[in-house]
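Undergrad: Mind having a look at this structure? Questions to follow.
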Amino acid sequence: MDCSHRRRSSSAGTVVDNNRMVLEAKSISYGTLDDIAQNPPPPTHSAFLHVTQLISQAADTSLNLRRTPSSEMTQDLYQRQPLLSSSKGEGWDDCSSSEPSTFYDSKGSSSGSRSSGSVVINGLNKSITSNGSCSSNGNGIKPENGIIRIDVPAPHRDEPKFPREYFKTLIAFLFCLFNWFLTTISLALVHERVPDRTHYGPLPDVFLDNVPAADWALDVSEILIIISTTSCMILLFFHKYRSIVMRRVFFLLGVLYMMRAFTMYATVMPVASRTYYCSPKSNHTGVAVITLRAIRILVGMGLSINGQHVYCGDYIYSGHTVILTVSSLLIQEYTPRKWRPLHWLSWLVTCLGVVFVMVAHGHYTVDVLIAYYVTTRVFWMYHTMASNTILKQNGPANYFSRLWWYRIFTYFERNVGGVVPRRYEWPLPWPRHFLSKYPDRDC
């Protein structure tokens, strides 16, 4: 191109052509932080000098982070503080600084005042004493990369809550008492419908047909029932969450007795024993007669050993088996797992009690089988739902919500946080020395 047709502007770095203007590339260096830190401009103000010092510290920190092995973060939490202000310019870790600092203790908490603890600064163990002074077990070298290692504590976990809720326990007790009374009313009515033993003998039974009746065996069975129930009362007395356990026991017994009242009245079976005493039938069954019979059964606690249970017809299903089975399940669920001898002993007592009931011809074999099956299913279903929060929520996939007593269950267990711990305590306020010597036991 002819020079007469082109004019160069050296000041702007452009070439002007007759037809077009061309920009030529020109490299301009604006510098870096390292250049500014190594060749700072002359200070014109104190604030500019302070900024220059901060930039220098930042550059040193960046270089040290790239070449220091301690900058690799593993499972610990590191906090980088390259721009901490200090009255001395670079002594940000100096304990003599008048500015308030934040210190971190071994548990990961922070506060605005100095407290006892220990932190690791650049591999040096800095200890902060209670009076605010600090000491170092190193050679006194100041930290170079401005890194503080903070130990992270274990994550906080909310413990499940087990509120006592005595009012709900009272409601469960009234529920159990009502259904127990309903069972006695059913028995008082069934007694008038029992087939006459002079015309109808016992039904064929694989056990009763091969074992002769022994009236004393019924007393032995009821003595074993008294032992089992007493053991459960002692367990409830010392359990820390006795209100929750009692509420569950009352509700389960209420459900079982309610179903027994209906099955007993629905199908009346002939008397299984030919020697058991049955009270004579009445010519009419008025309200007064039925009420007096029910009260008599309640006073005798449903046992024959005290002579109050003289009414026949309570067969499907066995109340003796229900009480014995609930006692064994309760002992197994709420006593320590390492107490296996006690668990085996409770089941042995249950089996012996059931066998003695049948030896006395107090129940048919089918009564015992149905009672065991119904009791264990209801007990295990209830505790499965109570131990899983998702089963306390009503939904199309939760088939437990179709149980007729599900709403009552959710009312009793909505605030229980999970599986009830096996903890025991002395429940009385006296004696004080016993409370201090034997605190809560977690088994």
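The values are calculated or read from the model by the stated rules, or taken from the named source; none is laboratory data. Remember, it's a predicted structure, so these values are computed and weren't measured experimentally. Heads up, the Cβs are rebuilt from the backbone with ideal geometry, glycines too, and the neighbour counts pull from every protein chain shown. All accessible areas refer to the heavy atoms of the entire protein, side chains included, with ligands and DNA or RNA removed. Shrake-Rupley method; radii C 1.70, N 1.55, O 1.52, S 1.80 Å.
Undergrad: Among (1) among the hydrophobic types (A, V, I, L, M, F, W, C); (2) under 30 Å from residue 278 (Cα atoms); (3) open to solvent by 20 Å² or more (accessible area, probe 1.4 Å), there is one condition residue 368 misses while meeting the rest; what is its number?
TA: (3)
Undergrad: Right, another one. Here's a check for you: in segment 371-391, which residue that is among the aromatic types (Phe, Trp, Tyr) and crowded, with 17+ Cβ neighbours inside 10 Å is farthest from residue 315 (Cα to Cα)?
TA: Only one residue fits best here, namely 382.
Undergrad: Residue 255 passes all but one of (1) in contact with a Pro (Cβ under 9 Å, 6 or more places away or on another chain); (2) within 19 Å of residue 368 (Cα to Cα); which number fails?
TA: Looking at each condition in turn, residue 255 falls short on (1).
Undergrad: Search segment 376-414 for residues being among the basic types (Lys, Arg) and farther than 23 Å from residue 166 by Cα, and hand back the single one that is nearest to the chain's Cα centre (by Cα).
TA: Filtering segment 376-414 for residues that are among the basic types (Lys, Arg) and farther than 23 Å from residue 166 by Cα, the one nearest to the chain's Cα centre (by Cα) comes out as 377.
Undergrad: Moving on. How about segment 214-253: which of its residues are open to solvent by less than 60 Å² (accessible area, probe 1.4 Å) and not in a helix (DSSP H, G or I)?
TA: Within segment 214-253, 214, 239, 240, 241 meet the criteria.
Undergrad: Give the residue, chosen from 372, 382, that is within 25 Å of residue 202 (Cα to Cα) and of a type in the set (Ser, Thr, Tyr).
TA: Values: 382 fails: within 25 Å of residue 202 (Cα to Cα).
Within the list 372, 382, the selection yields 372.
Undergrad: Cβ-Cβ distance below 6 Å, separation of 6 or more or different chains: which pairs start in segment 280-291 with a residue that is touching a residue at least 12 places away in the same chain (Cβ under 8 Å) and of a type in the set (S, T, N, Q) and end on one that is open to solvent by less than 100 Å² (accessible area, probe 1.4 Å) and part of a loop (DSSP other than H, G, I, E, B)?
TA: Taking only residues 6 or more apart or on different chains, the pairs are 285/192.
Undergrad: I'd like to verify a number: residues in segment 326-365 that are of a type outside the set (Lys, Arg) and within 26 Å of the chain's Cα centre (by Cα), how many?
TA: Final tally of qualifying residues: 14.
Undergrad: Conditions: (1) charged (D, E, K, R); (2) modelled with pLDDT under 90; (3) buried (at least 16 other Cβ atoms within 10 Å of the Cβ). Residue 440 meets all but one. Number of the miss?
TA: Of the numbered conditions (1) charged (D, E, K, R); (2) modelled with pLDDT under 90; (3) buried (at least 16 other Cβ atoms within 10 Å of the Cβ), the odd one out for residue 440 is (3).
Undergrad: What's the number of the condition residue 207 fails, among (1) assigned to a loop (DSSP other than H, G, I, E, B); (2) in contact with a helix residue (DSSP H, G or I) (Cβ under 9 Å, 6 or more places away or on another chain); (3) at pLDDT below 90; (4) more than 30 Å from residue 387 (Cα to Cα)?
TA: (3)
Undergrad: Check residue 281 against each of (1) within 24 Å of residue 374 (Cα to Cα); (2) open to solvent by 70 Å² or more (accessible area, probe 1.4 Å) and name the one condition it does not meet.
TA: (1)
Undergrad: I'm trying to understand the selection: among the residues of segment 176-195, which are open to solvent by less than 40 Å² (accessible area, probe 1.4 Å), assigned to a helix (DSSP H, G or I) and not β-branched (Val, Ile, Thr)?
TA: Within segment 176-195, 176, 179, 186, 187, 188 meet the criteria.
Undergrad: Okay, moving on. Mind listing whichever residues of segment 254-278 are open to solvent by 40 Å² or more (accessible area, probe 1.4 Å), of a type outside the set (Phe, Trp, Tyr) and in a helix (DSSP H, G or I)? Write out each step before concluding.
TA: The first filter runs over segment 254-278 and keeps only residues open to solvent by 40 Å² or more (accessible area, probe 1.4 Å), leaving 259, 262-263, 265-267, 274-277.
Subsequent filtering for residues that are of a type outside the set (Phe, Trp, Tyr) retains 259, 263, 266-267, 274-275.
Residues satisfying the conditions are 259, 263, 266.
Undergrad: Looking only at segment 302-359, which residues are of a type in the set (Val, Ile, Thr) and open to solvent by 50 Å² or more (accessible area, probe 1.4 Å)?
TA: Within segment 302-359, 305, 355 meet the criteria.
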